[in-house]
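Structure in structure tokens, see below.
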Amino acid sequence: MALKELVETVARALVDEPDQVEVRQIEGEHHSLVELKVAKGDIGKVIGKDGKTAQSMRMLVAAASQKMGRRTHLDIID
Amino acid sequence: MTNGNATPTFADAPEELPDAQAQNLEENQRSEGPSRRGHSRRQRQQQPQDEQPFYEGDERAQEALQFVSTVLQQMGMECRARLCRPREEEEQGQLPEIVVEVYGRDSGRIIGKRGQVLAALQFLTHRAVNRPTIDRRHVVVDAEGYRLRRESTLATMAQRLGQQAVDEGKIITFEPMNPRDRRVVHLALAKFEGVITKSEGEGDERRVQIIPVRR
């Protein structure tokens, strides 16, 4: 599944500490869960003003999942 | 800046194909749909293999292209990205905008409902390219000319409303729009005699106003 890599790519491009980006993907039958963890100081960068960055990442994840006929939930863990 | 035909990428490849194949390819691209209508015949003849010339851009533009290409691939989308020549004349002292164009069969998915996916991709690309410490660059991510078509419709409407503002001597206020669309309106009316434009309101409620002025 490439969604894990997708979230990694995007998150690493946004944060100050790319090495601290951790992404986990959990597969269900029709649904997937992607968990994104970043350095404490970078949480704001992946969420963004009014959650706009997180929302944009979810939009890409949703479009990619749709093509695969799945649904994916993206969680940002602090 | 680099000339389109100096770029040694796969834009050049079709020239090496046997004639029959090359012609086939040309036809395929013609039948691609109404999205490319805006291009002149001259351009079409010069660049039969690709109606929009390739553009190399600078290092940060390459960085943006790299980001978009990687994202597309990891999304499992059957499409590719390339850089295009900036669409607008930049004001003096400003860095040229970065224009990334997505093309291929999954472009529709990349545009998404009312351009939402495209907007998200542009927003994230902007974020990736514009780090806090360096000069800000405008970033445009388009797919099959979607944004270009929308923007030209919006610019035409702005000019029509600009004329209306002059004729009626009244202030015309737009619906709330995103920064990019507001910018299109401002630019469309920048050289329009008899009006000035201003943005009023905060956040999602920010609207462009067209204000008539006496000369």
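Based on the Cβ-Cβ distance of B:Gln116 and B:Arg214, what FRET efficiency does E = 1/(1 + (r/R0)^6) give at R0 = 30 Å, to the nearest 0.05?
0.10
Please report, in cubic angstrom per residue, the volume enclosed by the convex hull of the alpha-carbon atoms of region B:112-215.
Spread over its residues, the Cα hull of region B:112-215 gives 122 Å³ apiece.
Using per-residue counts of other Cβ atoms within 10 Å, averaged over each peptide, order A:17-25, B:145-153 from highest down.
Going from most to least packed, we get B:145-153, A:17-25.
Could you tell me the calculated FRET efficiency between B:Leu95 and A:Glu29, based on Cβ-Cβ distance and R0 = 45 angstrom, to the nearest 0.05?
Taking R0 as 45 Å, the efficiency between B:Leu95 and A:Glu29 is 0.40.
Another question, then. For peptide A:61-71, what's the mean number of Cβ atoms from other chains within 10 Å of each residue's Cβ?
If you average over the peptide's residues, the count of other-chain Cβ atoms is 4.
Let me ask you something else. On the Cα set of region B:81-153, report Rg and Dmax in Å, please.
Both quantities, over Cα of region B:81-153: 12.8, 38 Å.
For region A:3-77, just the Cα atoms, rotate onto the principal axes and tell me the three extents in Å, largest first.
Taking the Cα atoms of region A:3-77, the three principal extents are 34, 23, 17 Å.
Give the relative contact order (percent, whole number) for chain A; include only Cα pairs under 8 Å separated by 6+ residues.
Reported relative contact order: 32 percent.
Computed from the coordinates by the stated procedures, all read-outs in this text should not be read as laboratory data. As the structure is a computational prediction, the values presented were derived from the model and not from experiment. Because the Cβ atoms are built from the backbone with ideal geometry, glycine has one as well, and the counts that use them run over all protein chains shown.
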